[in-house]
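A quick write-up on the structure given underneath.
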Amino acid sequence: MDNDVDQALVERYRKGDRDAFTELVIRYQRPIYNAAFWILRSADDANDIAQGVFLKVAEHLDDFDSQHRFFSWIYRIAVNESLNLLRRNGHEEWLDDEIDLPGADTANPEWQASDAERSRNIQRALMGLSASDRIVLTLRHFSECSYQEIAEILQIDEKTVKSRLFEARHRLRDALKDYRP
């Protein structure tokens, strides 16, 4: 996301332009939902988190430090809210439906069966990982954040991000080895 555009929208909102907040919601609704979804693995919970994040942003936008990237700030709120929900629930819920993959041959029953099995295996393996492993993996691979962006979001050093990602990938690979054909 373009930080200059975000900064301009934040300043417009701070000066009373409500349309600027609407533009921020439009820019970040999908990425925030996706971040929450890949942590929580529940569409309903991800929707709730996304709504809650934007309420928090509206309430605390004056607290936002313009020296930082808005993208990192809002993602950090989403990650924290998602982790808080996991803690409140005391467990991690499974998504009932398989994930639709772009370009999937949904008309082919054999492909559907193998894809559904592959999706369940990946989901099972991801859900078996710690929340911190899932967060770093999802930010990098599903939200396509750079190492620097992940470092800002998680408020850790970039080298720590690389190390955590390396370890999380190994744990995921180990978890998936039981599911390989």
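Can you give the direction-averaged projected area of the convex hull of the alpha-carbon atoms in the stretch 115-181, in nm²?
Values: hull surface 17.8 nm².
Result: a mean projected hull area of 4.5 nm².
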Task: Distance between modelled label sites at A58 and A8, nm, 7 Å Cα→Cβ extension - done: 2.4
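Go through the stretch 1-96 and name the trypsin sites (Lys or Arg not before Pro) that are in a DSSP coil and have 10 or fewer other Cβ atoms within 10 Å of their Cβ. Could you put the intermediate results ahead of the total?
Values: sites: R12, R14, K15, R18, R27, R41, K56, R69, R76, R87, R88; in loops: K15, R41, R69.
Taking the stretch 1-96 and a limit of 10 other Cβ atoms within 10 Å, the loop trypsin sites (Lys or Arg not before Pro) found are K15.
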- [ ] Measure off 7 Å from each Cα along the Cα-to-Cβ vector at I26 and E144, then give the distance between these two points in nanometres to one decimal.
- [x] 2.0
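Could you calculate the contour length gain from I156 to K15, that is, 0.36 nm times the residue separation minus the distance between their Cα atoms, to one decimal place in nm? Could the numbers behind the result be given before it?
Numbers: separation 141, 0.36 × 141 = 50.76 nm, distance 3.21 nm.
Computed gain between I156 and K15 is 47.5 nm.
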TODO: Grab the beta carbon distance between N121 and Q51, set R0 = 22 Å, and tell me the FRET efficiency rounded to 0.05.
DONE: 0.10
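Quick note: the coordinates plus some simple rules give every number you see, no bench work behind them. None of the values given here were measured: they were computed from a predicted structure. Cβ coordinates were reconstructed from backbone atoms using ideal geometry, including for glycine residues, and neighbour counts include every protein chain displayed.
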